[in-house]
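Trainee: Just passing along the structure, written as structure tokens.
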Amino acid sequence: MASKNRKTKITKTVVDRFPCPSIGQTFLRDTALQGFALRANPSGLKTFIIEKRINGKVRRITLGPYGVLTTEQARREAQKMLGRIAQGIDPIAEKERKAVLSTTLWQAFEEFKKARKHLNARTLYDYELVIKSKLGDWKDKPLANITRKMVSVRHQELGAKGSKNYADLTMRTLRSIVNFAQARYTDDDGYPLIKDNPVTVLTLTRAWHPKKRRQTVIKRHQLPTWFEAVYDLKRPENQESFHIVADFLLVLLFTGLRRQEAAQLLWKNVDLKDRTLLIPDPKNHEPLTLPLSDFLIDLLTERKELAVNGHVFPGRDGQGYLIEPKRQIQKVIEQSNVSFTIHDLRRTFITIADSLEISPYAIKRLVNHKMKEDVTSGYIISDIDRLRGPMQRITDSLLEYSNKEEPKKVILLEGGHKKTARRKRALEAI
């Protein structure tokens, strides 16, 4: 069996005669050029390599296979590389650096998605949509080749042609991906191989578009007509989808939940006996358990009897969950003459709570806001039972402002089965 390590001057004849091992790998090291060698493996492949101590570690660098490179070509390549190593250049690090610098925007985004598993699917979908629709011509461009000037020009173009907010969103998306790439791709000392995040030019030149935070709510005097329009969606002759949207809007107003939190609410996370609902993965990733007021218990009990899948608010044809119902919302807006967005319902909930002088800590717990830089909050533990009172007070106040009595109660029909008032009317009409 051939020795795993042999030394001789590497020539074509020697390489041709050098046997490949049956297992493992064998090396033929050149006596004329220290560090130049040939490696053979059981598959019959013979590869030219160099071996050299770089930064205190012996590194093995592949030059290329015999047949692609002749012996003399390999020797010349080895001489060049060994010369560069002698000058303090690390060929492996340089190769890695070139690979990083050729990483495209889309490749970096794919790595970003793998690393940021905590981000919900909708956020990642929005990122992908932004890249494809607004940065599509940059998708296959090396990330390192995107310059500050390119960012400035594209930001101005997007702002001039369409939504200024969307122009900012596009560049914030790009900034996040570059920040990730800078942290992901570093040299041996931990310094980023991509030196500059080109989106910083928008901060340096103060080019971000000023953003006014929406402060709109449904005002007290608007609540009666808004409620009337919402309940009108639940007219017996309307499709079940209209009834679902009405309940969806009411739950948003009476809980302060965010749109997706309510839309994706599962029956397994609603406990009607314990009078609570759970949002396992809200925006801040801190699970939220909310107490349910009497109004919500009645509404959800009725909705549970009409359940068609695991979602409290099922989507079209009973598939999945409810997607933003623009048509029904527009109908409510037109009938009530109250212009509102879904997030306005959350702001209305918070505004009503504040007007009742409910503890700020209780309000923050109810809407799942983090209490940053507040030492006192760290000593306050708000359990569910302590939040039931504030939640019921907010409900009572909303009902008072709406000029409505307690909504349709769950009643018992013959046989002891629970049926809703709406269902009873439908049965009586038969």
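The values are calculated or read from the model by the stated rules, or taken from the named source; none is laboratory data. The model shown is predicted, which means the values in this text are computed figures rather than measured ones. Every residue, glycine among them, receives a Cβ derived from its backbone with ideal geometry; neighbour counts consider all protein chains shown. Please note that ligands, DNA and RNA were not included when accessible areas were found on the heavy atoms of the full protein model with its side chains. Shrake-Rupley method; radii C 1.70, N 1.55, O 1.52, S 1.80 Å.
Trainee: If you take the beta carbon distance between Arg122 and Leu45 as r and set R0 to 45 Å, what does 1/(1 + (r/R0)^6) give as a FRET efficiency, to the nearest 0.05?
Mentor: 0.40
Trainee: A further question follows. Please give the per residue accessible area of the stretch 22-144, computed with a probe of 1.4 Å over protein heavy atoms only, in Å².
Mentor: So the stretch 22-144 comes to 57 Å² accessible per residue, rounded to a whole number.
Trainee: Would you mind telling me which residue in Arg122, Arg184, Arg17 has the biggest mean-square fluctuation in a Gaussian network model of the chain, where springs connect alpha carbons within a distance under 10 angstrom?
Mentor: Among Arg122, Arg184, Arg17, the largest GNM mean-square fluctuation belongs to Arg17.
Trainee: Using 1/(1 + (r/R0)^6) with R0 = 22 angstrom and r between the beta carbons of Thr11 and Val68, what's the FRET efficiency to the nearest 0.05?
Mentor: E(calc), rounded to 0.05, equals 0.80.
Trainee: In units of 2.2 N^0.38 Å, what is the alpha-carbon radius of gyration of the stretch 95-192?
Mentor: 1.10
Trainee: Tell me which of Ile61, Leu135, Leu296 sits at the most positive position along the dipole axis of the chain, charges placed on C-beta atoms (Lys, Arg +1; Asp, Glu -1).
Mentor: After comparing all options, I get Ile61.
Trainee: Could you grab the relative contact order for the stretch 1-150? Cα pairs under 8 Å, six or more apart, rounded to a whole percent.
Mentor: Relative contact order of the stretch 1-150: 14 percent.
Trainee: Please list 249-261, 29-41 highest first by mean number of surrounding beta-carbon atoms within 10 Å per residue.
Mentor: 249-261, 29-41
Trainee: Over the stretch 175-321, what is the relative contact order in whole percent, taking alpha-carbon pairs under 8 Å and six or more residues apart?
Mentor: 14
Trainee: Mind pulling the angle between the C-alpha long axis of helix 91-101 and the longest principal axis of the chain? Nearest 10 degrees, somewhere in 0 to 90.
Mentor: Helix 91-101 and the main axis of the chain meet at about 30 degrees.
Trainee: Give me the number: length gained by fully extending Thr147 to Tyr361, i.e. 0.36 nm times residue separation minus the C-alpha to C-alpha distance, one decimal in nm.
Mentor: Net length gain for the segment: 72.5 nm.
Trainee: Relative to the first principal axis of the alpha-carbon coordinates of the chain, what is the inclination of helix 164-184, with its axis defined by its Cα atoms, in degrees from 0 to 90 and to the nearest 10?
Mentor: Once rounded, the angle reads 40 degrees.
Trainee: While we're looking at this one, here's another question. Label points 7 Å out from Cα along the Cβ direction at Asp196 and Glu240: separation in nm?
Mentor: So the two model labels end up 6.0 nm from each other.
Trainee: What translational diffusion coefficient, in µm²/s and rounded to a whole number, does the Stokes-Einstein relation yield for the stretch 207-267 at 10 °C and a viscosity of 1.306 mPa s, taking the hydrodynamic radius as the Kirkwood radius over Cα pairs?
Mentor: Value of D from the Cα-based Kirkwood radius: 115 µm²/s.
Trainee: Separate question: Per residue, what volume in Å³ does the Cα convex hull of the stretch 80-144 take up?
Mentor: Spelled out: Cα convex hull of the stretch 80-144, divided by residues, is 88 Å³.
Trainee: Given 25 °C and 0.890 mPa s, how large is the Stokes-Einstein diffusion coefficient of the stretch 1-145 in µm²/s, with Rh as the Kirkwood radius over Cα pairs?
Mentor: 133
Trainee: Provide the descending list of Cα extents for the chain along its principal axes, expressed in whole angstroms.
Mentor: 101, 57, 47
Trainee: Build a GNM of the chain with springs between Cα atoms under 10 Å: which of Leu28, Leu265, Leu202 gets the top mean-square fluctuation?
Mentor: Of Leu28, Leu265, Leu202, the Gaussian network model singles out Leu28 as fluctuating most.
Trainee: Let me ask something additional. Quantify, in whole percent, the carbon and sulfur part of the accessible surface of the chain (1.4 Å probe; protein heavy atoms only). It would help to have the intermediate numbers written out before the result.
Mentor: Details: 12230 of 24590 Å².
Exposed carbon and sulfur together represent 50 percent of the surface.
Trainee: List the aspartates and glutamates whose alpha-carbon lies under 18 Å from that of Lys364, not counting same-chain residues fewer than 8 positions away?
Mentor: Glu261, Asp281, Glu286, Asp344, Asp354, Glu373, Asp374, Asp383, Asp385
Trainee: What full-extension length gain, to one decimal in nm, is calculated for Ile333 and His369 as 0.36 nm per residue of separation minus the Cα-Cα distance?
Mentor: Numbers: separation 36, 0.36 × 36 = 12.96 nm, distance 2.86 nm.
That works out to 10.1 nm of additional length.
Trainee: To continue, here is another question. Most fluctuating residue of Lys304, Lys46, Lys132 in a GNM of the chain with Cα springs under 10 Å: which is it?
Mentor: Looking only at Lys304, Lys46, Lys132, the largest GNM fluctuation is found for Lys46.
Trainee: Once both labels are modelled 7 Å past Cα along the beta-carbon direction, what's the Val308-Arg60 spacing in nm?
Mentor: My value for the distance between the label points is 6.4 nm.
Trainee: Put a dot 7 Å past each Cα toward the Cβ at Asp385 and Asp274; how far apart are the dots in nm?
Mentor: In this crude label model, Asp274 to Asp385 measures out at 1.4 nm.
Trainee: Return the subset of Lys164/Lys304; Lys52/Lys113; Lys234/Lys273; Lys268/Lys326; Lys98/Lys132; Lys139/Lys268 for which the Cα-Cα distance in this structure is over 32 Å, preserving the input order.
Mentor: Values: Lys164/Lys304 42 Å; Lys52/Lys113 37 Å; Lys234/Lys273 26 Å; Lys268/Lys326 27 Å; Lys98/Lys132 25 Å; Lys139/Lys268 41 Å.
Listed pairs above 32 Å: Lys164/Lys304; Lys52/Lys113; Lys139/Lys268.
Trainee: Determine which residues of the stretch 346-363 fall in the zone a paramagnetic label at Glu286 would reach in this model, i.e. backbone nitrogen under 16 Å from the point 7 Å along Cα→Cβ.
Mentor: 360-363
Trainee: Which of rounded, prolate or oblate describes the stretch 106-146 when judged by the alpha-carbon gyration tensor and an a/c cut-off of 1.5?
Mentor: Taking the square roots of the gyration eigenvalues as a ≥ b ≥ c, the stretch 106-146 is oblate.
Trainee: Which whole-number percentage describes the relative contact order of the chain, with Cα contacts under 8 Å and a sequence gap of 6 or more?
Mentor: Values: 519 pairs, mean separation 44.1, N = 430.
Reported relative contact order: 10 percent.
Trainee: If the reach is capped at under 13 angstrom between alpha carbons, list the aspartates and glutamates near Lys149, excluding any in the same chain fewer than eight residues apart.
Mentor: Output for Lys149: Glu157, Asp196.
Trainee: Relative to the Cα centre, what is the charge dipole magnitude of the chain, using +1 at the beta carbon of each Lys and Arg, -1 at the beta carbon of each Asp and Glu, and rounding to the nearest 20 debye? Walk me through the numbers on the way to the answer.
Mentor: Numbers: 78 positive and 50 negative charges, 461 e Å.
Here the size comes out at about 2220 debye.
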